[in-house]
Each structure stands twice: as structure tokens, then as C-alpha cells.
Protein chains: 4
Amino acid sequence: MVVVLKPKTPNDEIEKIKRKLEDKSMTVSIIPGKDYDLLNISGETSNAKTEEITSNACVEKVIETQQGYKLASRLLHSDNTLIKVGNKVIGGDELTIIAGPCSVESKEQIIGIAKEVKNCGAGFLRGGAFKPRTSPYSFQGMRFEGLELLKMAREETGLPIVSEIMSTSMVNRFAEDVDIIQVGARNMQNFELLKELGKIDKPVLLKRGLSSTIEELLMSAEYIMSGGNSSVILCERGIRTFETYTRNTLDLSAIPAIKRQSHLPIIVDPSHATGLWWMVEPLAKAAIAVGADGIMVEVHNNPKLAKCDGQQSIKPEGFKTLMDSIAKVAGATRKMI
Amino acid sequence: MVVVLKPKTPNDEIEKIKRKLEDKSMTVSIIPGKDYDLLNISGETSNAKTEEITSNACVEKVIETQQGYKLASRLLHSDNTLIKVGNKVIGGDELTIIAGPCSVESKEQIIGIAKEVKNCGAGFLRGGAFKPRTSPYSFQGMRFEGLELLKMAREETGLPIVSEIMSTSMVNRFAEDVDIIQVGARNMQNFELLKELGKIDKPVLLKRGLSSTIEELLMSAEYIMSGGNSSVILCERGIRTFETYTRNTLDLSAIPAIKRQSHLPIIVDPSHATGLWWMVEPLAKAAIAVGADGIMVEVHNNPKLAKCDGQQSIKPEGFKTLMDSIAKVAGATRKMI
Amino acid sequence: MVVVLKPKTPNDEIEKIKRKLEDKSMTVSIIPGKDYDLLNISGETSNAKTEEITSNACVEKVIETQQGYKLASRLLHSDNTLIKVGNKVIGGDELTIIAGPCSVESKEQIIGIAKEVKNCGAGFLRGGAFKPRTSPYSFQGMRFEGLELLKMAREETGLPIVSEIMSTSMVNRFAEDVDIIQVGARNMQNFELLKELGKIDKPVLLKRGLSSTIEELLMSAEYIMSGGNSSVILCERGIRTFETYTRNTLDLSAIPAIKRQSHLPIIVDPSHATGLWWMVEPLAKAAIAVGADGIMVEVHNNPKLAKCDGQQSIKPEGFKTLMDSIAKVAGATRKMI
Amino acid sequence: MVVVLKPKTPNDEIEKIKRKLEDKSMTVSIIPGKDYDLLNISGETSNAKTEEITSNACVEKVIETQQGYKLASRLLHSDNTLIKVGNKVIGGDELTIIAGPCSVESKEQIIGIAKEVKNCGAGFLRGGAFKPRTSPYSFQGMRFEGLELLKMAREETGLPIVSEIMSTSMVNRFAEDVDIIQVGARNMQNFELLKELGKIDKPVLLKRGLSSTIEELLMSAEYIMSGGNSSVILCERGIRTFETYTRNTLDLSAIPAIKRQSHLPIIVDPSHATGLWWMVEPLAKAAIAVGADGIMVEVHNNPKLAKCDGQQSIKPEGFKTLMDSIAKVAGATRKMI
């Protein structure tokens, strides 16, 4: 937040305003200008009542700083953030490959797929236990039973597990059970959930909302980070546009944009973005070429019988081919799998 | 859900499939066709495992019925739903007018505005206690203290109060404190929250998500209704488009669309849709003309000092003018205030 | 275009720059400022080579003026523009009602419909002779033969005729034959066509492009006006969004926006916006309530047999009902039909 | 167009309908079915008056064939189309690289840039002579003088030239002067222009409209092809969405979609899509990785002084780096430059 002072405000008046804000736990620095001075305010700016500040006769106006995010910004943190999960590092030279079924359906299914994707080179297992479905009559996931099955798959394969959370009431359980907590596109601005996730010490995979701008995604990351949890992985998964050929429109421009604006790692989910299994491989290659830190892909051993999103899942053999072809692109761009 | 049977499936086979589904609490009716028969399945269709059904050799395919909503559909409920709140009825001949500040800021503010909007003819007081803000550094609302101030304003004026909920953990408190629980655009697909709201006996004002289709809005209503709470009021508040002149694009076509598809009442929020105070009156008139059951308008006694959304708030005197002009439009369309 | 001069630029240097620009047919006025002066440049600004201007050591930067339109702007023309066509005035107290079939199909059809809409109170007859169809295999219109039939319908009924132009090569013929030349949404940024229409003396009905902003619509109007033709009528007809229930999303906020920014009349086409005949009446009422100067509606005597867009056409009896109901709304907002 | 006949229509009746359609220059084939027969109609289907056909008592209904395009469809032309221009082939194993300034500004500028991009490996020179600008006051291009300068640059370097056409009246001149005629995004549905381009023998580079679907792009290609010109190159250049970080949102999913639906070559223009020079290289790499046949890139020797779109232009040295890095990606995906 920046306070614009009126021209020729006397120094003692400036000091008075500064102290008043500091009393409310804000940090204030004076930026002298040619014609008028500014106050740069950080810290507990939510304590700042705009009307109180502007009621001072020496204040011209109060403006929000250009970016609503600070901790997520590269301005204050020029190096890429590296997030360690088990023996993997997300955001570094090695690509992060998260694969698995849309939803956990049975012990055999999840363990079977986990073994297959591990053999192909995946570093993480994904699987939905709680499913955000548009209709209340669609399959809602195996819920906590699904989490247990994921844990078994982790034990069998050693793959860290990624699963989606849907409510503040599940935060403790997820923090204990999974290795990366996924926040889905529909909850990207579920701010109470983000605040709770800011209080724990567990990486969060934050998916971009269907109609959220790049800046809003970074603001939602800031909600988590400002609570104390700096392990946020972003995920581009398509935005809603007028085009109906694909389910959503994958916005790969978001990758260089986020790399410029933020130090956080960002991966791409081509499965949800397109909703079409045969588009997953070419878009995965494009994601690596454009500079993403990894991909998240739906793999199902029997897509036709999948309880949800079968149309966008590739089979293990397709995943093998995909891994080979992205490895080549990765090589061409100095990354490795 | 509809099961398409293969041509020439023998009757005893059809009966076998039917019984199997009924054993899982589904209701099944046979629709005989010229070339092949169909099974119409209702009830606990979430118990239906698609793979199990399609594994039967006589099943051609399983298709989701066209609408993901049933309870919200006018097909099964041709009369308009009327929702009684205090001595007001929402969805009938009288327009529902909800007015008040974006956020509760102080006792004086909320009681002052409550009196003003009541004098102008508003039937309900709105005021945000919990604020969903894009940036974690923006004012987050007075939270539970704000709810207390709203209750005082209700006591002073008799106006029922409307306020936004943001998390499952607040459901009990809101059910007790407010008269209509608002679910904001960003939480329209916070399905865990919707499920909890389905369990209580309190009207819910469900705002359309920024990038949600009309069908998705009705599906979210269905989440609440399928839990047992049939008092859902819908609210059109603008969708996200490429146009930047207004904050969002108010989709007034949604009103006749929803009136055709559903029996639920629907109101319009021109303040959030446009983000511009001078657009509120003309769009409020258009909303009434197009057939909305009411409007929700932001009124602030001092928009310049408002802690949020001041730019879109009208003053009490502007609200008076607005009420006069919508009364005329209402008269022209056989509604009254 | 505004040139920002560096602080303390000597007056003789300013005069030198000014003369240099004036030599290239630009009009230059000096706007003195506290710290530095500005040059406001109008006229043939396309002659201004930015690099040449900025190469002068006294020039800080060159900025495009905030609005790309001047003649269309209310800033320079505060009164509403009134456009006379026959004995009708567009943009005044009387609503402009344009009605007729999507396309001219036969002599009987167009004359029959013309009589019907006239009896119901329409002031203008519309009918497409040239049809911009997405597929080359769809009916392309009766072309010049259609124009002849429209002229017969005008002779029979006295209604001025409105028809869509599709190419620069048709400008002379349209200028002679029709009373208002319509530019369709797909040609809103066919700048060569706009330039040609700027050279003639005939009102132009300019429809907003499917993905054009309000500002871009006004810039396209400016193309026509800057050529010398100031009789431009704007038309909101829906923008392309993610919603698929309606063909496009009618943006009624555009009406007050354009009324604020421009002095040009603006009408609304609810038929093309929604693509659904049963939505035409409620949205026509909303259009009048929000302040539009009129509406353009598709009316067909036999929508099921219409050669295009039958689904969005209303029948003459429906048009009668529509006229009655918008008359009431018009009365409530001090307009008349 | 397909005519669905009623069950048990006698053969002689079918023949009668068939002959009637053939008399209107349509080609009709009978597709016998189990329960009823179909008529597949091609050729001059615009002569088919739907009402006349459906008025026959034996006709159930008339449906448009699923795709509005036939000649552009891969269904009827499974091999990729290869377009020869000079000694280059577009659509084959070699990537097509088109580079040059947004607009031709002077002889020195265009020849200088042409030499630079040729040295870096570009196969074609682009340069705008006619510029479609949103505002009438922006630089409109050097027009025919610009075409002359492009021809000089071609003579100097041997590079074939690509330039944008804006009106039907320019078709003959462009057909003579340039090697590939570009149709810009704003004219993608300027159907009269497309029809004229269908009559000549010169490759057309057709850019996707800002709010056009993939299907609409193919339909516009069909307009050109159905006129007799089968040399159409498609170009994805970003669609309009709510995101404002980039000028448009590059839709790379369109590449595999079009490769599946059509045999036509498709290239990507990352400069116009993003409007940001530093995004051009990563998105060019992604375009190659996803399977595009080439790229079109804006290169300017002095972007700061460019008369338009300087912000999105890279310098020759940046273009050299880009060429090196896409060569690597091309190698990883079995393409070459």
C-alpha cells in the first residue's frame, strides 16, 4: 500500500502519520519525491483503515501497490524456489512428472497404475479421493477410504502422493496423509481454505481457476505464503473460453509470464485442459518446450471404465510413449526427467 | 441416467439388470423402443458403477440424462417456488429488494444505512462480515463481530439480514444468525460447502460463478436441494468476458433462461456486475424488465470511504431515485415493490 | 496524439517542433503545464513518424490519446446525435423499431412481412439480401435481386429499408438503394469498407463485433465519421462468451456505457444476440429499460421455413405482443414508440 | 446436406426427389439404411431450398452435414497438403519460417531486415503494406508503395514475400505482386474477400479470427477452397479471452485439433498472440513441439522506433537465438528448418 502525501507536507506531519501506522503493526518507509513524498506500507496492511488514513488533511490518496502479491513475486526473491518432496526436487533441472488416475477406484486399480507410471519414470502418483463434480449425482470419490488406498500405493511403490482437498475440515488429515495437497481450480479462490493451508508445513499444488487471471493465481498463492507456508507449486490447467473443441483452452503463455513474475515452480496439466486423451502428448511436449517445471497427467489402466474423465486419460502404454517424447524435448531445452 | 440396451435384448435379461440396479436403491423404469429399449434410472444413481453396468453384454452404453439437475428443474416442479423470509415472500409478485453496504464497517455505519434503505423501501439488509478478497492484504471483513453488528441493525429496523458465508466451519453460526445465507461467486462450486448448506433449514442466496454456465449454476443449486434444503434463491451477478469497461458482463439473458429451466427465484446484482455506481440504476431497471424477481444493490452512506467496492456503491439518495424508477418499470410489467 | 515535452524546454524549441508537425498537415496546440508542457496533435496524425518526433532531444515521449475516437466522443459533442431517415428520427424521444426477416426470400414473403410489421408499428423494414454465412454451402442470400424486392416492399409500405453490405464494391449500389446501410458484426473491423462508407451520405448501422470491446466499436464508428459521414447508428447484438445456452451474450451494460462515452444512437438486436425466439420479448423490454434508442427484431411469417435463423425469428403475432409490452416499458422510462 | 427420408418411402418417390435436386445442379447419392434411406447432397447445395425439400411428404427432415467444410477436411483428403512457393514446401518436413517487420516503413528498413532474417535462416519475408488498425488515426501502412518496397526486398534477397490484403479491390494486385496473400484475423469472416481469393491461383495465409472457433476457421478456408483455390495455409495467432497479461491467448491446442480435422498446413504467430517480445521465443518453441508446420515472427531492426507493434517485435539478434533454439526442438520432433 502506498500513501500519496500532498505537496509540501511538513516533515513532522509525515512522522506523525508514519508512527500512527506503525502502532498498528505496519512497516512504513518514506520515499522522498521531487514534488511530494510517498509512504510505502507493508506488514499488517489489513489493519489500515483507508478512511482513517485519508481523513488526514495531508494525505492526497491511498493506492494499492501494483501487485497484490509480494512473497510470490520474483522482485523480492530472484532465485527459483526449489521444493523438496522425498528425494525429488520440484522447480529445478529435473522435470516433475505427476501421473495417475482421475479418481481412486479400488486397491488393485491404484496400486496397479502406480506401478505402471513408476516404471515409465513418473516421480509422483496422483489420484482423487474427493472429487469436485459439477452434478451432485456424479461419483463423488471414495473420500477417506480413497486416501487410505493412496497410502498403500505409496508404500508399494515409494512414490509420493498428490491428492485434492475440498474443505477446511480436511486440512489436518491431508497434511498427515499426502505428500502434496492439491487445491483444485474451483477452489482457487476458496480463501478460507487457502488460509488454513498457509498454517501447515506441506507443499500445496495450486491449480489456476477456470476464469482466473495469472495475477489472481499469484494472489491466491500469496494467501498460502502469507500464512507461513512457502511451498506452493502452481499449475496451469486451461481457462474457460468460447472454444468448445477442447474442454478448456490451455494457456501456455502463462508459463513464461509466471516465470517472469514469480519464483514459484509451475507445472502443466494437459489432461484436464483439453479433455481429450489424444491431445495430451503434443501439449505435454509444448509445456516442456515453453519452460514448465513438469506435467501432471491422467493415466488409467482402463479409460473406458474410468469412473470419471475417462475420455481424457491415456493408457500406461501411451504414457510410456509420452515420456519418451518429452524426454527428447527436455533434452533440447536442457532439462531432464 | 439412461441405459441404452442392445437391440433384441431378451425381456428376462432386462428384468435382471433392472433388479440389480434396484438392489442398489435406484428406481428403474423400462422405456420400450421400436428397435431397442431404454432404462431410465433415478434415485441413488451415484451408487451406479458405470463399469459394472456396461460390463453386461446386453448394454450398449450408459448416458447421463441431459440435465444434471432434477429438483431444481421446472420439469418436475412447474410452479414458481416461493420462499418466505419473515413477512416477505421471494419469488412472487412482489419484488425482492436487498440493499446495504459491501462490508459491515461499524455499528453506526450499518445501522445508519439499514435505516436509510428501509425508508426507501428495501425489504432486506445486506452486509459483508467475511469478505472474499483477491489479495490477502485487502480488508478481510469484521468477521463474527460484523455478524453481531448486522443483528443489531436487524433489531433496530426489522429488516431480515443477508450475509456471505465462506467456509463449512461457519455453517452453524450463519444458520443461527442470518436470515439468508449468501454463497459468493467464488464459492459457487465449493461443493463441500454446498453439501453442508443442504443440511440446514435456512434460505441460501447462490450467486453465479464468474465463469459458470447457467446449467452449472442450477447444478450447484441441486447440490443444496438434494441435501434437503429447497430454499435456494439464485443470483446473476455478471460473468467474466473480454470486455474491460465493466468489471464483469451482466448476462440478463440468464433470467429468462433460468425462468424456463427452473422454478427457483432469481435476482440480479447490478453493483458487482458492473463495478460502476452510475450503471446500477439502468441495469436494475433492465433486470426488472427482463423478469428478475428482485435486485441486490450496494448502498453506502459514504462510498469514498467504503472499505471495499466504493466505486460501485450508490448513496442513499441515489437508491431512492433507483427505487422510484424501478417501481415504474415494475408497474409496466405487472410486478410491485 | 500527445507529445510530452521535457521539463524546461525553451519556448523557441517548442515552436520549432510545432511548426515541423504543422508542415505535415497536423494541427498542434500547446498545453502549458506546471512542470512541463504538452503538445496536442490532431489532424493527419498518421503522418507523424513517432521516431522523428522522439528523436528531438526535448521530447520525453509520445502517447496516443486515451480514446482512439474523437468525433464519436461525447466529450466534443455533448448533445445526442439525431439521425433523420424519411419522417423518422433516430436517437430522439421516439424509439426506433426495425423489423423484418433475416433474409429476403421472395416478393410475397418480403412484402407480406413488411405489411405486417408496419401494422404492428415498426418504423423500418430489415431484410438481408447478402448473407454472411459461416459455411460457403449455406444460403448466401438473393443478392442484388433481394435488394430489388426490398425496394418493392418499401414502395408498397412506405417503410425505409435496412440491409447489410458485405464489400467495398457494393457501396455505390447500397447508397442508392437502401435507406440505412447495415455493417454486420463480422465486418465491424473491415476497415476498407468503413473508409468507403465514410465517403457517402447515407446512415450506417454499425453492429458490434462478436469479440469487440465497446471502445473498438466506437473506433470503428470513428473510421466512418472521420471520412465525413457522421450518420452512424450503433447496434449491440451480443458478444461471444463461454456460455452456450444463448448463441451470444447480450451485453446490455454497453448501452449506458456508450451513452456516456458517445453521442451516437444505439439500438439492440435481441434476435441475433440470443438465437432463441422466446427470449426476444423479455430482452427487448430490458433493452428499452436500460436506455437503448430502439430495437432490431427478426420477424418471419413462417419461421420453420425460413432460409436462415428461423429459430430466432418471432411471428407477426408475437411481434404485436412484443410491441405492446415494450410500449409499456417505454412509457415507464419516458420514451414512446 | 443430408435428407432423411421417412421409413418405407417407395423407390420411385426417392428417384423423383433425387432428380429434382439434380436438376438444380446438385449431386445426389442414395444411402440405403435399415429402417429408412438417406440422400447425401453435394455440389450447389445453396440452390436447395429447405422448405421445398421438406414440403415433400416423404421427407422426414433435412440436416446440415456435421462439418460445414468438406474440401478442408481430412476425411476426404487424408494426406497432408503440401504447398510449393518458390523452392520451399509448406506443410512438409521442413519448417516454414516467415519473418519480418509488422509494417514496411522504408526501403532501407525492409531490405535491411530481409537480409538479416535470411541470414538467420528465414524462408519468407513478411511485411505489412496495408495495416488494419483499430483507430483511424493510427499509421495505416504505406499501401501500394509498401508493396513495391517488398518486391525490391524480394529481388535483393530471393525471399518470397507475404503481405496482408484488406479488400476485394486489391485481389488482382496482390495476386500479381506477393507470393503468399495474408488474410488477417479481422477479415477471417470477410466472406466476399474469401470468395474472390478462391478464384485466383496464389497461396493464401488465413489467420484465425480473435473470437473464431477452430471449426469456423476451417469453414473460412472452405470458402477459398470451394472457389477453386486449394492452397490455404492456416495460422493460429491467439484468441480473445479474459486474460489481459498477454494481448491474446495463444491456443496451441488448435494445432493438434486442426491436424486431426484437416490436411491443411498450420503455422503459429507468437508475436501477435502475446504482444510481448520476450514471450516470442518460448512460445515459438512450444509451437514447434506441439506440431505446427512453422512460425511467423515479427522482427524489427529497431523495435522502439517501429511504427506499429514495436513491443512485440524481436531484434535480428534475438531472432538468431530463436532460430537456434527452435532448431533443437525441431530436431527432437523430427522436423528440420
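The values are calculated or read from the model by the stated rules, or taken from the named source; none is laboratory data. Computed from a predicted model, the values in this text were never measured in an experiment. Here Cβ is always computed from backbone atoms with ideal geometry, including for glycine, and neighbour counts include all displayed protein chains.
Pick from the range B:243-277 the residues that are surrounded by fewer than 22 Cβ atoms within 10 Å (Cβ to Cβ) and farther than 30 Å from D:Asn248 by Cα: which of them is farthest from the other protein chains (Cβ to nearest Cβ)? Among residues in the range B:243-277 that are surrounded by fewer than 22 Cβ atoms within 10 Å (Cβ to Cβ) and farther than 30 Å from D:Asn248 by Cα, the one farthest from the other protein chains (Cβ to nearest Cβ) is B:His263. For the range A:285-324, give me each residue that is out of contact with any helix residue (DSSP H, G or I) (no Cβ under 6 Å at 6 or more places or on another chain) and more than 14 Å from chain B (Cβ to nearest Cβ). Once the filter is applied, which keeps residues that are out of contact with any helix residue (DSSP H, G or I) (no Cβ under 6 Å at 6 or more places or on another chain) and more than 14 Å from chain B (Cβ to nearest Cβ), the range A:285-324 yields A:Ala287, A:Asp293, A:Gly294, A:Met296, A:Lys315, A:Glu317, A:Gly318, A:Thr321, A:Asp324.
From the list A:Glu196, A:Glu216, the one residue that fits, being in contact with a helix residue (DSSP H, G or I) (Cβ under 9 Å, 6 or more places away or on another chain) and among the acidic types (Asp, Glu), is A:Glu196.
Listed here are the residues, each with its yes/no results for (1) surrounded by fewer than 18 Cβ atoms within 10 Å (Cβ to Cβ); (2) out of contact with any Lys or Arg (no Cβ under 7 Å at 6 or more places or on another chain).
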| position | (1), (2) |
| --- | --- |
| D:Glu148 | yes, yes |
| D:Ile165 | no, yes |
| D:Phe174 | no, yes |
| D:Met188 | no, no |
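Residues of the range A:83-95 that are within 18 Å of the chain's Cα centre (by Cα), surrounded by fewer than 16 Cβ atoms within 10 Å (Cβ to Cβ) and touching a residue at least 24 places away in the same chain (Cβ under 8 Å): none at all.
State yes or no: is D:Gly209 within 14 Å of chain C (Cβ to nearest Cβ), in a loop (DSSP other than H, G, I, E, B) and more than 30 Å from B:Arg247 (Cα to Cα)? I'd like the intermediate steps shown before the answer.
Values: within 14 Å of chain C (Cβ to nearest Cβ): yes; in a loop (DSSP other than H, G, I, E, B): yes; more than 30 Å from B:Arg247 (Cα to Cα): no.
For D:Gly209, the condition - within 14 Å of chain C (Cβ to nearest Cβ), in a loop (DSSP other than H, G, I, E, B) and more than 30 Å from B:Arg247 (Cα to Cα) - is not met.
Here the range D:212-242 is the region considered, the condition is being within 13 Å of chain C (Cβ to nearest Cβ) and among the acidic types (Asp, Glu), and the residue that is farthest from D:Ile165 (Cα to Cα) is D:Glu215. In the set (1) of a type in the set (Gly, Ala, Ser); (2) at pLDDT below 95; (3) surrounded by fewer than 23 Cβ atoms within 10 Å (Cβ to Cβ), C:Gly291 fails one condition alone, (2).
Yes/no matrix, rows are residues, columns are (1) among the polar types (S, T, N, Q); (2) touching a Pro at 6+ places or on another chain (Cβ under 6 Å); (3) in the same structural domain as C:Ser325 (by TED's automatic domain parsing); (4) assigned to a loop (DSSP other than H, G, I, E, B):
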{"site": "C:Gly68", "(1), (2), (3), (4)": "no, no, no, yes"}
{"site": "C:Asp79", "(1), (2), (3), (4)": "no, no, yes, yes"}
{"site": "C:Val89", "(1), (2), (3), (4)": "no, no, yes, no"}
{"site": "C:Gly92", "(1), (2), (3), (4)": "no, no, yes, yes"}
{"site": "C:Ile97", "(1), (2), (3), (4)": "no, no, yes, no"}
{"site": "C:Ile111", "(1), (2), (3), (4)": "no, no, yes, no"}
{"site": "C:Lys115", "(1), (2), (3), (4)": "no, no, yes, no"}
{"site": "C:Lys118", "(1), (2), (3), (4)": "no, no, yes, no"}
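Among the conditions (1) over 21 Å from D:Ile83 (Cα atoms); (2) in contact (Cβ under 8 Å) with a residue 12 or more places away in the chain, D:Asp324 misses just one, which is (2).
So that you can scan it fast, the table gives a plain yes or no per residue for (1) among the hydroxyl-bearing types (Ser, Thr, Tyr); (2) in contact with a helix residue (DSSP H, G or I) (Cβ under 7 Å, 6 or more places away or on another chain):
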{"residue": "D:Cys102", "(1), (2)": "no, no"}
{"residue": "D:Lys107", "(1), (2)": "no, yes"}
{"residue": "D:Gln140", "(1), (2)": "no, yes"}
{"residue": "D:Lys151", "(1), (2)": "no, yes"}
{"residue": "D:Ile161", "(1), (2)": "no, yes"}
{"residue": "D:Ser167", "(1), (2)": "yes, yes"}
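Pick from A:Thr27, A:Thr9, A:Thr45: which is modelled with pLDDT under 75 and either out of contact with any Asp or Glu (no Cβ under 6 Å at 6 or more places or on another chain) or surrounded by 12 or more Cβ atoms within 10 Å (Cβ to Cβ) (or both)? Walk me through it before giving the result.
On the way: A:Thr27 fails: modelled with pLDDT under 75; A:Thr9 fails: modelled with pLDDT under 75.
Unique residue meeting the criteria: A:Thr45.
For (1) in contact with a strand residue (DSSP E or B) (Cβ under 7 Å, 6 or more places away or on another chain); (2) farther than 27 Å from A:Asp79 by Cβ, each residue gets a yes or a no:
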position: A:Asn248; (1), (2): yes, yes
position: A:Pro270; (1), (2): yes, yes
position: A:Pro303; (1), (2): no, yes
position: A:Lys320; (1), (2): no, yes
position: A:Ala327; (1), (2): no, no
position: A:Ile337; (1), (2): yes, no
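Based on what the data block shows, is C:Ala129 aliphatic (A, V, I, L, M), more than 30 Å from D:Met26 (Cα to Cα) and surrounded by 22 or more Cβ atoms within 10 Å (Cβ to Cβ)?
Working: aliphatic (A, V, I, L, M): yes; more than 30 Å from D:Met26 (Cα to Cα): no; surrounded by 22 or more Cβ atoms within 10 Å (Cβ to Cβ): yes.
No: the conditions fail for C:Ala129.
Residue by residue, here is whether (1) within 24 Å of A:Ala284 (Cβ to Cβ); (2) not assigned by TED's automatic domain parsing to the domain that holds D:Tyr137 holds:
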{"residue": "D:Glu281", "(1), (2)": "yes, no"}
{"residue": "D:Gly294", "(1), (2)": "yes, no"}
{"residue": "D:His300", "(1), (2)": "no, no"}
{"residue": "D:Leu322", "(1), (2)": "yes, no"}
{"residue": "D:Ser325", "(1), (2)": "yes, no"}
{"residue": "D:Ile337", "(1), (2)": "yes, yes"}
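Annotation: of all residues in the range B:315-337 being at pLDDT below 90 and in a loop (DSSP other than H, G, I, E, B), the one that is surrounded by the fewest Cβ atoms within 10 Å (Cβ to Cβ) is B:Arg334.
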